[in-house]
There are 4 protein chains.
Amino acid sequence: MAPKRVDRDARREDILDAAVRVFARRGYPATRIEDVAAEAGIAKGSVYLYFEGREALLAAGFERIARRSAQVLADARRSDRPANDALAELVEGAVAMLAAEPDLTAVMLDLWSAGGAARRAEDADPPPPAFDIAAVYREYRALVAELLRRGGSEGDLRPGLGEPEAAVVVAAIEGCLLQWLVDPSVDLARLADPITATCLDGLRARPEG
Amino acid sequence: MAPKRVDRDARREDILDAAVRVFARRGYPATRIEDVAAEAGIAKGSVYLYFEGREALLAAGFERIARRSAQVLADARRSDRPANDALAELVEGAVAMLAAEPDLTAVMLDLWSAGGAARRAEDADPPPPAFDIAAVYREYRALVAELLRRGGSEGDLRPGLGEPEAAVVVAAIEGCLLQWLVDPSVDLARLADPITATCLDGLRARPEG
Amino acid sequence: MAPKRVDRDARREDILDAAVRVFARRGYPATRIEDVAAEAGIAKGSVYLYFEGREALLAAGFERIARRSAQVLADARRSDRPANDALAELVEGAVAMLAAEPDLTAVMLDLWSAGGAARRAEDADPPPPAFDIAAVYREYRALVAELLRRGGSEGDLRPGLGEPEAAVVVAAIEGCLLQWLVDPSVDLARLADPITATCLDGLRARPEG
Amino acid sequence: MAPKRVDRDARREDILDAAVRVFARRGYPATRIEDVAAEAGIAKGSVYLYFEGREALLAAGFERIARRSAQVLADARRSDRPANDALAELVEGAVAMLAAEPDLTAVMLDLWSAGGAARRAEDADPPPPAFDIAAVYREYRALVAELLRRGGSEGDLRPGLGEPEAAVVVAAIEGCLLQWLVDPSVDLARLADPITATCLDGLRARPEG
DNA sequence: TATGAATGAGCTTTCATTCAT
DNA sequence: GATGAATGAAAGCTCATTCAT
């Protein structure tokens, strides 16, 4: 049973790999199950042996991203360096993670869209997706806010920083990501340093360097 | 020679209003022409008297947003205040514009998604959308970069600032927008000040106030 | 009332002219009421002031053709020449009539198609058209058969000729028409003589001239 | 490497059979994909597994007819009998072929109509069909003309016969076909002999029988 | 397990016809 | 009479999902 399990899981991952590539290329709404099957080199019906349906593929893509995010957050939490250094590490870690897997990252566009469509609870038609993209950002903000507070009391960060500033830091990352996704001429990887430099030291000249 | 033109344009705007509301509620991919018609209180076929098809509605939504953006940029360009003040005005203007029309702003999710799906030019299947969302951000970055350079030479901004930092400023806005769109508990309007404060002065404490 | 009537009829004819032109160009099934209106230089709704609906335009086209046919038949009946000469006149008259109005003649394709679709009475879904294209050929055959019989008893035609041979003579005309309609390189007008020559004298060499 | 190919091709033929029956009954323009599917006893969507779309069904009908025609022409070419006998064989072969499959033959009405609609190359709206009905008649005329010329030099046919007379012979066949399609009281099969008799010997009495 | 043929709900789009102006 | 905006029934086509093999 154990080896079967591994095979099964490996196959599932292969299919998800394929799905992510196609989602990145065509976008989720334009991707047909058959496209995924073709990319994975299997038959259409076989996809259903590993995934409940089309949306499950997107949800599985979300899971991958969420897992990567959780890892980045865990790494940052484990750091014992000063808060501002930990913050810089967090930003770099997040950007590196996103830039390392462009196809997977491109799926974020679809997750935002699908997740955002669920922002109004009025009607359950269509029912909201099974994944909670907002939760990912909540966690990021929570950790950043904690670092900001720690940096304000123990380190050299300004006191009084909190959720709003955390949102801005997360925004700087995600906003750069967005520009990259929408415009390939923007190079996400090279924006990691400007993000930390701008957020930590601002754009205004300082009395002494 | 514009006898019914006013009516016709007004009708078109009404339908677009309706489309924007439905797009905001259900997302573009899940929106059927009939939903738009119902929201506008007209028959399905009538939509086609004013718009070429479903994608034309999205493109018209883009046009609205692009027009608003152009206005914000024009206002900022016309400002004769110091660069850092102009920058703050630009941020505030953009955020205010976005927050003032939540439904229209929510369409950005679909524009990002549709525009991003065109990020790979490999195949023309499906053909890329008629609108260029990336161009909007290019213009924002260009103006911000110009302000940063001006502020570096004439004002109190750091010298050497350019495109990367401009991308970060734009990212701070769009990233906050994103978090708001995906999570209604984030209040975009209240993030305008934190954005400018963080970007201009950074998060690090300054030697003197 | 009289002058009104003339105006009304003239307008009706104008619209029918336009319809015939468009039918010839695009075929009846592909012709929209709006195409006819545009060709006639009037508004779509105005067509309905003169014709019951789309099919009525086709039926009116049939009427025109039927009237032309009736005229050709009447001319031939009125002839007091020998049967074989009258037959030649009939063929020439029919071909001349058809070649003189190519657009109207092209509508025959649609009439055959629409009329033929009604050839099976099984179901009345869709209901058969209001015009009877088969009747036109019945009348032609009847007159030709009469001429053949007359030519057999009084003239130099073979005795014993009847409906089958009449069908062949009519077929020679309509078959040339068909080839012309389907292939513009076939010149209908120049086929009038070969039709009569072939039908009357055959293709086989005759003992003496 | 043709494991399911037989089945697939057989299925395709079944669907085409059904389409031909429905086309014959209702005419192509009035036939909906669903009618074809119902006639074939399958679901609407399944038709698209075997044919690109509605027009592909008509084109496939044309292919069938063209194949039959090619066979008739090949048989006539292979004949080593005198030209006038070969001509009679050709006429009989064509008529027999047409009369043997009335439903398929009825599709000619739609092919004429669709092919004729493409007679004016002015605009490509709608684009012309993929099949070339005119080519079928060109081939018939070419072979008949050849036989006529051969019969003029080697046989007992008149000298000087050519394309015009070939058109008349083809017309006699197709014109009888037309009358049959439009009027079931005309019996195509019985017209084969009158066609050859009339064309070869004419209607005029001969000095000696 | 794997396949891919089959299904049919669902969607976009067209257009004949109506009717208020 | 004339108009053309509005309607909504149709029809073509797609594709997620199922299931017999």
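What the table below lists for this structure:
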quantity: List C:D183, B:D125, ordered by accessible area with a 1.4 Å probe, largest first; calculated: B:D125, C:D183
quantity: Per-residue ³J(HN,Hα) for segment D:25-42, Karplus 6.51 cos²θ - 1.76 cosθ + 1.60, θ = phi - 60°, Hz, x for Gly and Pro; calculated: 7, 10, x, 4, x, 8, 8, 9, 3, 5, 4, 4, 4, 4, 4, 8, x, 10
quantity: Mean-position separation - Cα centroids, segment C:127-160 and segment D:77-102, in angstrom; calculated: 26 Å
quantity: In range of the label at B:R81: residues from segment A:168-186 whose backbone nitrogen is under 18 Å from the point 7 Å along Cα→Cβ; calculated: none
quantity: Sites matching GluC sites (Glu not before Pro) across segment B:24-70 that sit in DSSP coil, with at most 10 neighbouring C-beta atoms within 10 Å; calculated: none
quantity: Other copies of D:R12: label-to-label distances in nm, shortest first, labels 7 Å along the beta-carbon direction; calculated: 4.0, 4.7, 5.2
quantity: Copy-to-copy label separations for D:A70, where each label sits 7 Å from Cα toward Cβ, in nm and ascending; calculated: 4.7, 5.8, 6.4
quantity: Nearest-20 debye value, segment C:1-132 charge dipole, Cβ charges on Lys, Arg, Asp, Glu; calculated: 280 debye
quantity: Check: segment B:1-51 dipole with +1 on Lys, Arg Cβ and -1 on Asp, Glu Cβ, in debye; calculated: 100 debye
quantity: Distant-in-sequence amide H partners of C:A205 (H built 1.01 Å from N, under 5 Å); calculated: D:L157, D:R158
quantity: Residue-level accessible surface for C:I173, protein heavy atoms, 1.4 Å, Å²; calculated: 10 Å²
quantity: Carbon/sulfur fraction of accessible area - segment B:1-51, other protein chains in place, 1.4 Å, %; calculated: 50 percent
quantity: ³J(HN,Hα) computed for each position of segment C:166-172 - Karplus, 6.51 cos²θ - 1.76 cosθ + 1.60, integer Hz, glycine/proline x; calculated: 4, 4, 5, 5, 4, 4, 4
quantity: Nearest 10 degrees, 0 to 90: helix A:133-153 Cα axis against chain A principal axis; calculated: 20 degrees
quantity: Segment D:115-197: GluC sites (Glu not before Pro) in DSSP loop, at most 12 other beta carbons within 10 Å; calculated: D:E122, D:E154
quantity: Proximal lysine pairs, the protein assembly as shown, alpha carbons under 21 Å, eight or more residues apart or interchain; calculated: 4
quantity: Area accessible to solvent at A:Y28, 1.4 Å probe radius, in Å²; calculated: 30 Å²
quantity: Nearest-first distances (nm) between copies at A:D156, label 7 Å from Cα via Cβ; calculated: 2.1, 12.0, 12.4
quantity: Global form of segment B:37-131, assessed from the alpha-carbon gyration tensor, a/c cut-off 1.5; calculated: oblate
quantity: Cα gyration tensor, segment B:92-209 - rounded (a/c under 1.5), prolate or oblate; calculated: oblate
quantity: Directionally averaged shadow of the protein assembly as shown, computed from the convex hull of its alpha-carbon atoms, nm²; calculated: 50.4 nm²
quantity: Cα shape, segment C:148-209, gyration tensor, a/c 1.5 rule; calculated: oblate
quantity: Between 0 and 90°, nearest 10: helix D:83-100 axis offset from chain D longest Cα axis; calculated: 30 degrees
quantity: Closest approach to the axis - chain C beta-carbon, rotation onto B, Å; calculated: C:G45, 4
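The values are calculated or read from the model by the stated rules, or taken from the named source; none is laboratory data. Because the structure is predicted, anything quoted here is derived from the model rather than measured. Neighbour counts run over all protein chains shown; Cβ positions are idealised from the backbone, glycine included. For the accessible areas, the whole protein counts, side chains as well, though only heavy atoms, and no ligand, DNA or RNA atoms are used. Shrake-Rupley method; radii C 1.70, N 1.55, O 1.52, S 1.80 Å.
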